[in-house]
1. Between Gly97, Gly149, which is in contact with a His (Cβ under 7 Å, 6 or more places away or on another chain) and closer than 19 Å to Phe232 by Cα?
2. On the given criteria, is Gln30 crowded, with 20+ Cβ neighbours inside 10 Å and of a type in the set (S, T, N, Q)?
3. Identify the single condition in (1) modelled with pLDDT under 85; (2) among the hydrophobic types (A, V, I, L, M, F, W, C); (3) closer than 22 Å to Glu198 by Cα that Cys39 does not satisfy, given that it satisfies every other one.
4. Look at Leu211 and say whether it is modelled with pLDDT under 95 and surrounded by fewer than 18 Cβ atoms within 10 Å (Cβ to Cβ).
5. Inside segment 113-123, can you point out the residues that are small (Gly, Ala, Ser) and over 9 Å from Trp261 (Cα atoms)?
6. The conditions are (1) touching a His at 6+ places or on another chain (Cβ under 8 Å); (2) modelled with pLDDT under 90; (3) not basic (Lys, Arg), and Glu143 fails exactly one of them. Which is it?
7. Assess whether Ala29 counts as being in contact with a Gly (Cβ under 9 Å, 6 or more places away or on another chain), part of a helix (DSSP H, G or I) and without any contact (Cβ under 8 Å) to a residue 24 or more places away in the chain.
Amino acid sequence: MRPVRLLLVYFAVVFAGGALLAPWLYWLAQWAAGHWPTCAGLAAIPFHRFLDRALLGLAFICLWPLLRRGGMRSWSSLGFGGQGRPALQGLRGFSVGWVSLAAAALLACCAGAGSPTLTHSAAEISRFLLNAALTAMVVGVLEEMLFRGALFGLLRQSMPWPAALAVSSAIYAGVHFIAKAESAMPVQWYSGLALLWEMVCHPPQLIPAFLTLFVAGAALGLAYQRLGALYFSIGLHAGWIFWLKSYRFLFHPAGASQAFWGGDNLLDGWLSLIILTAVFGWVAWQKERAAKS
């Protein structure tokens, strides 16, 4: 169970260390703003954003020691081997992800749950879609490297891979529900810990979004398990991220039942759960078909 202990230590360091580091980053920004006027914008950032960045930064700083201690000392062990055609796998995954949530968005709009936002200019839309595509690729690479390459990869060293898939998918879904919270109190050394506790204890509505994210994580992990590389999973993840960002920009909620069709976040409706479950089934069918051929 050594990989499990390593992961427990890793998460403890990231969350406790990030919460303790955030006030110092906030104070550093205030000090910099007092000496250089160009830093005034940085000092105006709310404290919870410093906490978010501290947690994310520490997660990736501590990732390499975690992998080395877990025996994953090469890019191939993290899911970036040279198997197959990486670009083709990534493009195929992006196509599946893009089409699946595009279908959810289209059905929601046809049902009256979403209405196009007509106030954006063509230049604004083009600029946004380019930024959304770049963000989707960056998030796809980083989250797949962390949750599938590292987390799932380490867990399956100490338990059967289906169990590792379930645990890693639950963690992946859970971290998305650490709610945003703000504090009006003066920042103290313990403010990060207090705010983190507030974020964890008051998550947003979990059902069906948690189930949707769990199924999404399972599909991404199963694709990695089947292919032995992360390229398809990165593309699939990026396709989903692209539509989640674009839907909020291009459409706004309308009058139909958003409990089923979803609101400004497609994942909070039952329709996306149904569609992503179908994607998981397709990935599993591809695995079964490959085994028979």
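1. Numbers: Gly149 fails: in contact with a His (Cβ under 7 Å, 6 or more places away or on another chain).
When all the criteria are applied, what remains is Gly97.
2. Working: crowded, with 20+ Cβ neighbours inside 10 Å: no; of a type in the set (S, T, N, Q): yes.
Criteria not met by Gln30.
3. Tallying (1) modelled with pLDDT under 85; (2) among the hydrophobic types (A, V, I, L, M, F, W, C); (3) closer than 22 Å to Glu198 by Cα, Cys39 fails exactly one: (3).
4. Numbers: modelled with pLDDT under 95: yes; surrounded by fewer than 18 Cβ atoms within 10 Å (Cβ to Cβ): yes.
Considered against the rule, which asks whether it is modelled with pLDDT under 95 and surrounded by fewer than 18 Cβ atoms within 10 Å (Cβ to Cβ), Leu211 comes out as yes.
5. The first filter runs over segment 113-123 and keeps only residues small (Gly, Ala, Ser), leaving 113-115, 121-123.
Scanning segment 113-123 gives Ser115, Ser121, Ala122, Ala123.
6. (2)
7. On the way: in contact with a Gly (Cβ under 9 Å, 6 or more places away or on another chain): no; part of a helix (DSSP H, G or I): yes; without any contact (Cβ under 8 Å) to a residue 24 or more places away in the chain: yes.
When the stated conditions are applied, Ala29 does not pass them.
Listed here are the residues, each with its yes/no results for (1) assigned to a helix (DSSP H, G or I); (2) free of Cβ contacts under 8 Å to residues at least 60 places away in the same chain; (3) buried (at least 24 other Cβ atoms within 10 Å of the Cβ).
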| residue | (1), (2), (3) |
| --- | --- |
| Ala229 | no, no, no |
| Ile234 | yes, no, yes |
| Leu244 | yes, no, no |
| Asp264 | no, yes, no |
| Leu276 | yes, no, yes |
| Phe280 | yes, no, no |
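The values are calculated or read from the model by the stated rules, or taken from the named source; none is laboratory data. All of these numbers come straight from a predicted model, not from anything done at the bench. Every residue, glycine among them, receives a Cβ derived from its backbone with ideal geometry; neighbour counts consider all protein chains shown.
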